[in-house]
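Remarks on the structure that follows.
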Amino acid sequence: MMIQTQLEKLIAQSLKRAQKKGELPKFPVPAIAVTRPRRQGQGDYSCALPLQIVRDVNNALKAQQAGKLAPMQIGEILLKRLPAAEFLDRAEIAKPGFINLYLSPAWLARQTALISQQGGEYYQVDLGEGKKVQVEFVSANPTGPLHFGGARNAAIGDALARLLENSGYLVQREYYVNDRGTQMRTFAMTLWRRYQQLFGMDVEIPADGYPGAYMIEYAEKIKAEHGDSLLSLTEEEVPERFQELGLKIVLDELEHDLAMMNVHFDNWFSEQSLYDNGDFAKVYAILRDQDDLYEKDGAVWFRASKYLKSDRDEVFIRSNGEPGYFASDIAYHYNKFIVRGFEWVIDVWAVDHQNQAKRLPGTMRAFGIDPQRLTIVLYDLVTLKRGGKEVKISKRAGEIVTMREVLEEVGADAARYFLLSHSNEARIDFDIDLAVAQSSENPVYYIQYAHARSASILRKAADAGLKPATDHLALLTCPEELALLRKMLQLPEVVINAVDHLAPHHLPHYALDLAKTYTNFYGHCRVIDMERKDLTEARLMLVQAAKTTLAYVLSLMGMTAPEQM
């Protein structure tokens, strides 16, 4: 159980004891929050319960025709009834009515052994209790290589999945393949023309086609495998065949490039399958029977206004007979909730889809689904910079900087760290020069070096016949040692905060703080001292615990923890 939760239980017990003794009047015990104080010197944790309950206390006393109590007096009563606990050193009341709580240094030192023995399990919290959740992310149109802007979606989505997995949820990662509609037909016809051009045919790509050089590379792959045999296809056969061939090439490349970033999907879901397996027909029938569809201007409209605080409806079937974007999204989420039974669905979308993101959850009411079960995480754009100047990204114009190119230059770890280091809806300037720098100015290098240094210390100690031991952990009393332990024990709080707000940017900030605290410990406390074997063994245990914690938070970000650098 997280230490904050245990402290909250202690304070709740103190209130109940005071009420039982008649020192405080009886009223329902409120939710108690123990938080980190804003300033140093105000305890490891703080609780504002005296301020929170002063009105309830005095209203109850007034009804009893008794006197009033100030928050400080209430705090003194609570402290007097606070149960003892091995992890609590002392508690103090501070103006205007805060209870400041200090952890026991001896208890902190003992956590070193537990962290080392339990590894990442020490930090795991069971928030999900086995709840079935799907995280759908990236899902870029399969009409070319993934540009670097899409890598932010990959970093956020995979980090969220890792956080949820390590918090007791059953997680499925899904890539939604938009393999139908006008864009795919245009992609297929562009690829067909590029294929023809390879055989000297004087043809132009469609006016609205994809001009990027990658389309020529795709055509060359098709030529290498099929030769000129596809030139005999009929006009009717071309779109379907070249969409099939092009889609396979793109998906293979996407899977390869995402694997370079240590991102792997459990399922690649085809949009076309919604129409092939009858899901779209079922959704259409349900909405029609509920009088949620009507015809206007040659199109079929969905009564979105029935379920949303809006007077705007959505096109369901266009006048040309093709389903609208909203129709496919509704059918897709019907499949997620009704057909596959996910209890919670998280979609990671670019911020330019914010209007759709506001409307889609509410439409789930049409199927009796609580809109709260669908969460859409929005992220803003990434500006790629080199030498202080912007590197343009434009797939349609043919000037594309792919995710693969950047990963090959800066590496997956640096890419993931910097893409996670800002809140989701903040814009990012991704500095390539900083990402590749091997210096303390680069936070990725700094954090990973702290882990590698830990591994180096443990190897050096082993060569000298020394190893971590638990016999003398009580010797860990230096401020830098205890500061490191306190920082390590913050990790479950960071994870819970990141999960509660679906905000993985808390991880890189914590990781950097942890690395700095570790470096400060290392700089002030000599770890290997042949004349103090007892202290050396205790500090080696602390080094091992720090190494474990650094590795765990790096894994939550999908980054590696190098043993040497």
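Please treat every number below as a calculation from the coordinates, not as lab data. Just so it is clear, the model here is predicted, and its values are computed rather than measured. Counting neighbours? That spans all protein chains shown, and the Cβs are built from the backbone with ideal geometry, glycine included.
Report, in degrees rounded to the nearest 10, the 0 to 90 angle that the Cα long axis of helix 506-524 makes with the longest principal axis of the chain. That works out to roughly 50 degrees. Computed over the Cα atoms of the range 438-523, pair by distinct pair, the Kirkwood hydrodynamic radius stands at 14.6 angstrom. For T383, the residues whose modelled amide H falls within less than 5 Å of its own, excluding neighbours fewer than 5 places apart on the same chain, are I428, D429, F430.
By a straight-distance test (C-alpha under 17 Å), which lysines pair with K68 as possible cross-link partners, with residues fewer than eight away in the same chain excluded? Qualifying lysines at Cα under 17 Å: K26.
Residues of the range 209-242 falling in the label zone of M260, defined by backbone nitrogen less than 20 Å from a point 7 Å along Cα to beta-carbon, are 212-222. Cross-link partners of K223 among aspartates and glutamates, defined as those whose alpha carbon lies under 14 angstrom from its own and excluding same-chain residues fewer than eight positions apart, are absent. Only helices enter the 222 nm calculation for the chain: every DSSP H run of n ≥ 4 contributes -39,500 (n - 2.57), and dividing by all residues gives -15000 deg cm²/dmol, rounded to 500.
Taking amide H atoms as placed 1.01 Å from N in the peptide plane, the amide H of F269 lies under 5 Å from those of Y175, Y176, V177, each 5 or more residues away in sequence or on another chain. Stokes-Einstein diffusion for the range 3-103, with the hydrodynamic radius set to the Kirkwood value over Cα pairs and evaluated at 37 °C in a medium of 0.692 mPa s, equals 242 µm²/s.
In this structure, Y325 and A426 have a Cβ-Cβ separation that, at R0 = 45 Å, corresponds to a calculated FRET efficiency of about 0.95.
Of all beta bridges that DSSP places with both ends in the chain, some 50 percent have antiparallel geometry.
Just to be sure I understand the curve: with the Debye formula and one point per C-alpha of the range 280-324, what is log10 I(q)/I(0) at q = 0.14, 0.17, 0.29, 0.30 Å⁻¹? Here log10 of I(q) over I(0) equals -0.30, -0.44, -1.11, -1.14. When the pairs K132/K248; K9/K80; K16/K95; K131/K282; K21/K95; K9/K95 are compared against a 18 Å limit on Cα-Cα distance, K132/K248; K16/K95; K131/K282; K21/K95; K9/K95 fall above it. Charge tally for P371 (other residues, Cβ to Cβ under 15 Å; Lys, Arg +1; Asp, Glu -1): +3. Magnitude of the charge dipole for the chain, about its Cα centre and with charges confined to Cβ atoms of Lys, Arg (+1) and Asp, Glu (-1), is about 3300 debye. The residue list G227, A63, Y552 was ranked by how far each Cα lies along the charge dipole of the chain toward its positive end, using unit charges on Cβ atoms, and A63 comes out on top. Of G150, V203, F242, which is farthest along the charge dipole of the range 138-250 in the positive direction, counting Lys and Arg as +1 and Asp and Glu as -1 at C-beta? Looking along the dipole axis, the top candidate is G150. Put simply, the amide H of L88, placed in the peptide plane, has neighbours under 5 Å in S104, leaving out anything fewer than 5 places away on its chain.
Given a Förster distance of 30 Å, report the FRET efficiency between T5 and D471 from their Cβ-Cβ distance, rounded to the nearest 0.05. That pair, T5 with D471, gives E of 0.50.
For the range 1-86, the set of trypsin sites (Lys or Arg not before Pro) satisfying both a DSSP loop assignment and a count of at most 15 other C-beta atoms within 10 Å is given as K21, K26, R38, R39, K68. For H509, the shell of other residues with beta-carbons less than 15 Å away shows a net charge of +2, using +1 for Lys and Arg and -1 for Asp and Glu. The shape of the chain can be summarised by an equivalent ellipsoid whose semi-axes, obtained from the alpha carbon gyration tensor, come to 53, 35, 18 Å from longest to shortest.
Sequence-ordered 3J(HN,Hα) estimates for the range 317-326 from the Karplus curve with 6.51, -1.76 and 1.60 and θ = phi - 60° stand at 10, 5, 5, 8, x, 8, x, x, 4, 5 Hz, glycine and proline given as x.
Efficiency by 1/(1 + (r/R0)^6): what FRET value for K282 and K26, r their Cβ-Cβ distance, R0 = 45 Å, to the nearest 0.05? According to the calculation, E is roughly 0.20.
Computed from Cα positions, the angle between helix 105-118 and the longest principal axis of the chain comes to roughly 40 degrees.
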